[in-house]
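Participant: My questions will all concern the structure given below.
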């Protein structure tokens, strides 16, 4: 049985982090809107949106810090396990072992803008689990996600079609995602044409930001398709 040594990484408690950010955004936006209504200053709402809506995106590394956990990951040709450590003590508080023959399918995502990746697996008995790895050091070798994917690929090569673990496509690698990208592209082109035709003096930052976001989506789509074709 082949075995890869223990790898250490960091994960985000995604559910708790999402609840915090959603509560922070909705609560802050509501308070800003209420203050703007009471004081009759629309600028308060704009400032509130920047603080409660934009800052968590720009400074998400700092917002998610309390929800980051150290983990150790060990892979073999029959299973992989993820051990979660206590934030304050160097002790394992939970162990999660996944045998490949218990996994029905999985989905992966590697960010093109930061050192993070995501692994979601669906079990044959029902249910799913989701892990988000952050602050990964790619210069030191394969990422945790790549190591797990290699083991799953090796498992699939040695088993029949009925036992294989399916790789699910990410949104932008699917036909629906392709249609969304086309609609976004048409929308940004129409907006740019309108801006040039009726407001020739300047192009607002929102249009430039939209174009940059669209290009980033295209880059992410290309990467998702490449990963899918290599591991399906």
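The values are calculated or read from the model by the stated rules, or taken from the named source; none is laboratory data. Only a predicted model underlies this, so the values are computations on that prediction, with no experimental measurement involved. A quick note on method: Cβ atoms are made from the backbone with ideal geometry, for glycine too, and the neighbour counts reach across all protein chains shown.
Participant: Looking only at the stretch 89-107, decide whether some residue is modelled with pLDDT under 85 and in the same structural domain as residue 155 (by TED's automatic domain parsing).
Facilitator: Within the stretch 89-107, one or more residues are modelled with pLDDT under 85 and in the same structural domain as residue 155 (by TED's automatic domain parsing).
Participant: Filter the stretch 8-36 down to the residues that are free of Cβ contacts under 8 Å to residues at least 12 places away in the same chain and under 19 Å from the mean Cα position of the chain (by Cα), then identify the one that is nearest to residue 84 (Cα to Cα).
Facilitator: Across the stretch 8-36, the extreme among qualifying residues is 15.
Participant: Any residue that is under 26 Å from residue 147 (Cα atoms), surrounded by 12 or more Cβ atoms within 10 Å (Cβ to Cβ), touching a residue at least 40 places away in the same chain (Cβ under 8 Å) and touching a helix residue (DSSP H, G or I) at 6+ places or on another chain (Cβ under 6 Å) - is there at least one of those in the stretch 84-96?
Facilitator: no
Participant: Taking the conditions exactly as written (touching a helix residue (DSSP H, G or I) at 6+ places or on another chain (Cβ under 9 Å), assigned by TED's automatic domain parsing to the domain that holds residue 7 and either closer than 22 Å to residue 216 by Cβ or part of a helix (DSSP H, G or I) (or both)), does residue 152 satisfy them or not?
Facilitator: So residue 152 passes the test.
Participant: Restricting to the stretch 160-181, name every residue that is in contact with a helix residue (DSSP H, G or I) (Cβ under 8 Å, 6 or more places away or on another chain) and in a loop (DSSP other than H, G, I, E, B).
Facilitator: The answer is 164, 165, 169, 170.
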